[in-house]
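Asker: One structure, pasted below without further comment.
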Ligand code: AMP
Ligand code: MG
């Protein structure tokens, strides 16, 4: 068995960062910036009011209550072509530019207008700059708003558009194909015959890659037939940037995935010192990375988290592709036996009264017990030994 870190380093050394390109901002969610992004002008672009109210000269309202003469209204989007002179006020709406002469805003709640709208009474004094959002208060001209290697979240996309960057330099979105293998698999709402089970891995793996922002390509279900596996693998490697398979990588007699990939690819077959997900195949076919994950449903998902996710994150341009565990405590005993492996227990973790993640088994820990995976929100790392007792610290890989 090889240590987890060695297997993961091997995977990471076998994938390359994708090409840099330019993508329309609305297609950039989850992509990673390929260059620093800088603002050319200030945001906000001009001094504006944060409140509906009246633009005034602060000195005029120092002895409030006072009555000021109304000289106009400025809506959001309007040009501030009215000057506010001494003893005057301009009605102003949130987001509207500050008119020249005014240095403060009184919110509408502190005012009352005369019936003919000729004057406004201001009830309280306000300091200079009150409720004004100065130009450049959010972003200054030339400021790097985010550096290369930033994953674009909805807020990042908002910043891009606010500074006028509609085409964003990013690492290309990878296409990742997902294949299931196995004669026992069925993928339809039909009655199962004895010996058959339903294909769940393709559905979990496709949704895992899609949630990362990858283009997930459903490459279907392939039976345990050498020729069909060969054709599927060659086609997958040609049409995708990476391929994830599940099943057929362990020691079984009909594990043709292993035979075929050994022939057409440059693969390494590993036994990793982890439970679940001990068998792992990784390598390339025609230069395309292939992640050969184990077939058991929990194993395939754990293997995805430990190997495929970091590999794909590197391809997407993440500077730190390996997710960092968080420190929590065992909320109940999580015992195990010594077997030379690190165990990744499916746990439910929730913050306790001190705000510390407290984790306990989410259900049965068999590698076929997918319902516990669904009930979990983290994997608890239990190093080789006897496990964790209630209150012991545990490292959690949040899912
Ligand atoms: P294998 O690695 O092909 O020997 O498969 C190991 C176990 O995982 C067997 O019990 C398979 O039936 C099961 N398995 C393989 N592929 C899938 C899949 N796509 N969905 C659900 N279970 C699977
Ligand atoms: Mg199989």
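Asker: Using a 10 angstrom cutoff on alpha carbons, build the Gaussian network for the chain and name the most mobile of 224, 266, 253.
Answerer: Largest GNM mean-square fluctuation: 253.
Asker: What is the range 177-306 by shape, rounded, prolate or oblate, if you read a ≥ b ≥ c off the alpha carbon gyration tensor as root eigenvalues and call it rounded for a/c under 1.5, prolate for a/b larger than b/c, and oblate otherwise?
Answerer: Verdict is rounded for the range 177-306.
Asker: Using Cβ counts within 10 Å as a stand-in for footprinting exposure, how do 303, 104 rank, fewest first?
Answerer: Arranged by neighbour count, lowest to highest, 303, 104 become 104, 303.
Asker: For the range 245-399, what is Rg from Cα atoms divided by 2.2 N^0.38 Å, rounded to two decimals?
Answerer: It is 1.12.
Asker: Under the classification rounded if a/c is under 1.5, otherwise prolate if a/b is larger than b/c and oblate if not, where does the range 326-398 fall, given a ≥ b ≥ c as square roots of the Cα gyration tensor eigenvalues?
Answerer: oblate
Asker: Multiply the residue separation of residue 113 and residue 384 by 0.36 nm, subtract the distance between their alpha-carbon atoms, and state the gained length in nm to one decimal.
Answerer: 90.0 nm
Asker: Can you tell which of 221, 379, 335 shows the greatest fluctuation in a Gaussian network model of the chain with Cα springs below 10 Å?
Answerer: 335
Asker: Quick one, can you get me the convex hull of the C-alpha atoms of the range 48-133 expressed as volume per residue in Å³?
Answerer: 71 Å³
Asker: Right, here's the next one. At a temperature of 20 °C and a viscosity of 1.002 mPa s, determine how fast the range 169-244 diffuses translationally according to Stokes-Einstein, using the Kirkwood radius over alpha-carbon pairs as Rh; express D in µm²/s, rounded to the nearest whole number.
Answerer: It diffuses with D of about 160 µm²/s by this estimate.
Asker: Mind giving me the FRET efficiency for residue 26 and residue 175? R0 is 22 Å, r the Cβ-Cβ distance, nearest 0.05 is fine.
Answerer: Using R0 = 22 Å, I get an efficiency of 0.70.
Asker: Okay, moving on. Note the full-extension length gain between residue 35 and residue 94 as 0.36 nm times their separation in residues minus their Cα-Cα distance, in nm to one decimal.
Answerer: Stretched out fully, the residue 35 to residue 94 stretch lengthens by 17.8 nm.
Asker: 222 nm [θ] for the chain, helices only, -39500 (n - 2.57) per DSSP H run of 4+, per residue, to 500?
Answerer: Result for the chain: -5500 deg cm²/dmol, rounded to the nearest 500.
Asker: What's the ranking of 72-81, 230-239 by average number of surrounding C-beta atoms within 10 Å, highest first?
Answerer: 230-239, 72-81
Asker: Just need log10 I(q)/I(0) for the range 91-195 at q = 0.22 Å⁻¹, Debye formula, equal scatterers on the alpha-carbon atoms, no solvent, rounded to two decimals.
Answerer: -1.23
Asker: What percentage of all Cα-Cα pairs in the chain are separated by more than 29 Å?
Answerer: Distances greater than 29 Å cover 59 percent of the Cα pairs.
Asker: Over the range 15-171, what per residue volume does the convex hull of the Cα atoms give, in whole Å³?
Answerer: Looking at the range 15-171, the number lands at 118 Å³ per residue.
Asker: Continuing with this model, one more query. Between residue 190 and residue 392, what is 0.36 nm times their sequence separation minus the Cα-Cα distance? Round to one decimal in nm.
Answerer: Between residue 190 and residue 392, full extension yields an extra 68.1 nm.
Asker: Let me ask you something else. Among 94, 284, 245, which one moves the most in a GNM of the chain with springs linking Cα atoms closer than 10 Å?
Answerer: 94
Asker: If each of residue 339 and residue 254 carries a label point 7 Å out from its Cα toward its Cβ, how far apart are those two points in nm?
Answerer: Modelled inter-label distance: 2.5 nm.
Asker: Between the range 349-399 and the range 249-274, what is the C-alpha centre distance in whole Å?
Answerer: Using only Cα atoms, the two centres lie 30 Å from each other.
Every number here is computed from the coordinates shown, using simple stated rules; none is lab data. Only a predicted model underlies this, so the values are computations on that prediction, with no experimental measurement involved. Note that each Cβ is placed from the backbone with ideal geometry, even for glycine, and that neighbours are counted across all protein chains shown.
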